[in-house]
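Below: the structure, in structure tokens.
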Amino acid sequence: MVYNELKAVDGVQVDLTLFRDVGGLSAYDVVIIGSPMRFKNVNANIRKFIAQNMETLRNKEVVYFLTCLYLIRDTESPGFGFPVFMDPSFDAAPKPISRMNMMDKTHSDTQYIDTLLKNSLDPVSIGFFKGRLDMKSLGVFSRLFMRGVLLFTKKEQIGDFLNPSAVSDWARSLKEIVSVGRRFA
């Protein structure tokens, strides 16, 4: 969806590549990093990719495309200096982090973004989208943990909740950072 929206912009070259197949990033102006969020962080393989490419990524415009099952906006956050898009399908009412319970705090936009910024990359945009929970795709520890979570809350559920319309809307907003001759990875 993001690929298709950006590919439609005249004069922009877009490549879609799995992180493990990336040969190098030097040819790109903008790098979009996509990952599910688990335990307040991006996937371990993505963290490793970022660490291995940190020097190159610091000289690029970085965009994050992130999925999770539950997200709540912290109304006490002063902002981050870049646009943050939240899929409107996230239905938790925004509230101050000081009034959030433990589950809400660990699933707040502030917590997720603070963890991302520890990578020392300043993104030009972040998009948060509802993702999916497929128990078969999880490792043993994660599967057991999620079964426990599902027993105690209805905030996270098994299923695929990606909202294509929200993804397309966000991708169209990225066109503002696109200019003719730019190359996306």
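Within the stretch 2-11, the only residue that satisfies the criterion of being of a type in the set (A, V, I, L, M), modelled with pLDDT of 75 or more and over 16 Å from the mean Cα position of the chain (by Cα) is 6.
When the stretch 154-173 is filtered for residues that are under 16 Å from residue 36 (Cα atoms) and part of a loop (DSSP other than H, G, I, E, B), the ones remaining, listed by number, are 156, 157, 158, 161, 162, 163. Within the stretch 74-118, the residues that satisfy the criterion of being in a loop (DSSP other than H, G, I, E, B) and surrounded by 18 or more Cβ atoms within 10 Å (Cβ to Cβ) are 87, 90, 100, 107. Taking the stretch 12-67 as the range and being under 17 Å from residue 85 (Cα atoms) and free of Cβ contacts under 8 Å to residues at least 60 places away in the same chain as the test, the residues that pass are 33, 34, 35. Checking every residue in the stretch 131-154 against the condition of being modelled with pLDDT of 90 or more, under 21 Å from residue 65 (Cβ atoms) and under 14 Å from the mean Cα position of the chain (by Cα) gives zero matches.
Residues in the stretch 1-42 that are among the polar types (S, T, N, Q), under 27 Å from residue 165 (Cβ atoms) and in a loop (DSSP other than H, G, I, E, B): 17 alone. The residue pairs whose first member lies in the stretch 88-114 and is within 20 Å of residue 161 (Cα to Cα), whose second member is in a loop (DSSP other than H, G, I, E, B) and of a type in the set (A, V, I, L, M, F, W, C), and whose beta carbons are closer than 6 Å, counting only pairs six or more residues apart or on different chains, are 90/71; 107/71.
For residue 70, state whether it is under 22 Å from residue 157 (Cα atoms), assigned to a loop (DSSP other than H, G, I, E, B) and either touching a residue at least 60 places away in the same chain (Cβ under 8 Å) or hydroxyl-bearing (Ser, Thr, Tyr) (or both). Criteria met by residue 70. For the stretch 16-41, the set of residues classified as modelled with pLDDT under 80 and not charged (D, E, K, R) consists of 17, 39, listed by residue number. Without any contact (Cβ under 8 Å) to a residue 24 or more places away in the chain and surrounded by 13 or more Cβ atoms within 10 Å (Cβ to Cβ), is that true of residue 149? Considered against the rule, which asks whether it is without any contact (Cβ under 8 Å) to a residue 24 or more places away in the chain and surrounded by 13 or more Cβ atoms within 10 Å (Cβ to Cβ), residue 149 comes out as yes.
Of the residues making up the stretch 45-67, those that are crowded, with 16+ Cβ neighbours inside 10 Å and part of a loop (DSSP other than H, G, I, E, B) are 53, 60.
The values are calculated or read from the model by the stated rules, or taken from the named source; none is laboratory data. Everything numeric in this text was worked out from a predicted model, so none of it was measured. We place every Cβ from the backbone using ideal geometry, glycine too, and count neighbours over all the protein chains shown.
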